[in-house]
């Protein structure tokens, strides 16, 4: 009964549109609507791009052009050597790059290992006390980093780890609540029949993780990789309090020192180096964009 | 010893017991980390907050003296708290409204929308020192981008980071550039709303505003709630931008909570005092989250509540 009513109504609507005057026709209305949407979106998108363009423009300028007003968007001449000069003139950015790469890649691996193992336990294995422990995972997501910062600093200093990479590189091997949650949510969506089939074929608990679960979880693992990469690459507070010697600094802290010491003179060089530091993040973003967006949607909805 | 090895290999155990042992092996990294790097330090920081420890020699139990001093004598503590609330309120309210409008726009079916989603989303993944340095240059009062754009429409821009009044709004504006992260989460929420609900509303004669008010908002409210909580917690922890851009200045205009905590712990080496600061931050965040949860029963709609 209700069904027929709906289809009748829809049918009548269609006839009505077909007989409408030109300005109410569907194609015309569609075009007006699209123009309206673009008129709002385009200026906004332009505004969001401007900071990057501004940075790029400054990084290619001659020192004399920087304080020219009104600003010139396309520098003349274009100084590509700013990138080399900024990278090498004052501080050893090659060493900072090496340090950042070691810490970031090591931590990504650590997070992938510890978080997928823990998430697998929570998603698949039965045990007493599991629910309470999982609540603890969620609860620790709420604890601000600042609460644990000071005792951790004391602990690592007592261990003699100050001014080494260890305080930054050891904790990632012991899990990160947000990633555990994300991976567990994803593992839960995989059908259990696969586990059972593999178990019948003689696979052990760990065989199932490495041969079945992980290969099927590439989107979630990619999301964790990208998040962990960007988070570690941008991390500032940790390296700031633990690293002292210049040859141990990461890019983030090195860049801050650059700014403190020479930033007020060489704006063009500072922009060039900042852009180079940002570049890997941009590359990782564009490479992993699709999976990345999916992964955030996953945590967003199920959060 | 042989018994232990046999136990590890799982001999002589029921299937349930074996699975239980495997569960604890699987979560062992996290469990050890929880004790060493989270749980232990949380308790340690609570104990430390009752001492006058400097990290070096002095270590006396002082009871509630740190907390008393904070609340009664420390003018900067109140300033830092006020500044953080200011920043949090500005960036969360504007940020969430902006992200919602942007998500609705990005949910329209027009060609090329994927490219626009990328453009709006990209800034939110770029954070840290490089971006902070970029914004210092954008906020330059004489030749910066913002004041140049303002001059094009005939407004003489303020001194931004050098102005007591405008430094905090500058940080809030900067945070709005990163609303793309919230936009993506809200967009996913929007796309999860079943089309049939809109059809039903249209048959009942709803216009676009009614659809938004009575379908979109209630269906999106759990995601919106999630976004507000996450943004609020994040905004309370702003540090890098303040450290790089203003160092809490000019004067105390951008002295935010975590920066003040950092100064106490690592510049003045007042570890006990800083631990007390950390615990107050923790309690403030928990209280605000709890208040949000209380309020949420009034406006957040969960489908499962009505069978």
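Regarding residue A:152, is this residue buried (at least 21 other Cβ atoms within 10 Å of the Cβ), modelled with pLDDT under 95 and under 28 Å from residue A:247 (Cβ atoms)? Considered against the rule, which asks whether it is buried (at least 21 other Cβ atoms within 10 Å of the Cβ), modelled with pLDDT under 95 and under 28 Å from residue A:247 (Cβ atoms), residue A:152 comes out as yes.
Looking across the stretch A:256-277, the residues that are free of Cβ contacts under 8 Å to residues at least 60 places away in the same chain and within 14 Å of residue A:234 (Cβ to Cβ) come down to A:256, A:277. Of the listed requirements (1) at the interface with chain A (Cβ under 9 Å from one of its Cβ atoms); (2) within 17 Å of residue A:53 (Cβ to Cβ), residue B:199 misses just one: (2). For the stretch B:190-211, the candidate set comprises residues that are within 29 Å of residue B:122 (Cα to Cα) and without any contact (Cβ under 8 Å) to a residue 60 or more places away in the chain; within that set, the residue that is farthest from the chain's Cα centre (by Cα) is B:195.
From the list B:229, B:280, pick out the single residue that is assigned by TED's automatic domain parsing to the domain that holds residue B:139 and at pLDDT below 90.
After ruling out the rest, the residue left standing is B:229.
Being more than 10 Å from chain B (Cβ to nearest Cβ), surrounded by 14 or more Cβ atoms within 10 Å (Cβ to Cβ), modelled with pLDDT under 90 and part of a helix (DSSP H, G or I) is the requirement here; does residue A:106 meet it? Here the answer is no, as residue A:106 does not meet what is asked. Taken as a whole, the condition of being at pLDDT 90 or above and closer than 30 Å to residue B:40 by Cα applies to residue B:275. In the stretch A:73-103, the qualifying residues are those that are without any contact (Cβ under 8 Å) to a residue 12 or more places away in the chain and more than 25 Å from the chain's Cα centre (by Cα), and the one that is farthest from the other protein chains (Cβ to nearest Cβ) is A:81. Hey, residue B:256 hits all of (1) more than 18 Å from the chain's Cα centre (by Cα); (2) modelled with pLDDT of 90 or more but one; which does it fall short on? Here residue B:256 clears every test but (1). Please tell me if residue B:192 is exposed (fewer than 15 other Cβ atoms within 10 Å of the Cβ), modelled with pLDDT under 90 and either in contact with a strand residue (DSSP E or B) (Cβ under 9 Å, 6 or more places away or on another chain) or within 13 Å of another protein chain (Cβ to nearest Cβ) (or both). Yes, satisfied.
Filtering the stretch A:110-132 to residues that are within 24 Å of the chain's Cα centre (by Cα) and surrounded by fewer than 16 Cβ atoms within 10 Å (Cβ to Cβ) leaves only A:113. Taking (1) farther than 29 Å from residue B:275 by Cβ; (2) surrounded by fewer than 22 Cβ atoms within 10 Å (Cβ to Cβ); (3) touching a residue at least 40 places away in the same chain (Cβ under 8 Å) in turn, residue B:182 satisfies each apart from (2).
Criterion applied to A:180, A:200, A:150 was being facing another protein chain (nearest Cβ under 9 Å) and without any contact (Cβ under 8 Å) to a residue 12 or more places away in the chain, and the one residue passing it is A:150. Of the helices (runs of 4 or more DSSP H) lying entirely inside the stretch B:209-307, those containing at least 2 residues that are more than 12 Å from chain A (Cβ to nearest Cβ) and over 30 Å from residue B:140 (Cα atoms) span B:217-236, B:271-299.
The values are calculated or read from the model by the stated rules, or taken from the named source; none is laboratory data. Just so it is clear, the structure is predicted and the values come from calculations on it, not from any experiment. Cβ coordinates were reconstructed from backbone atoms using ideal geometry, including for glycine residues, and neighbour counts include every protein chain displayed.
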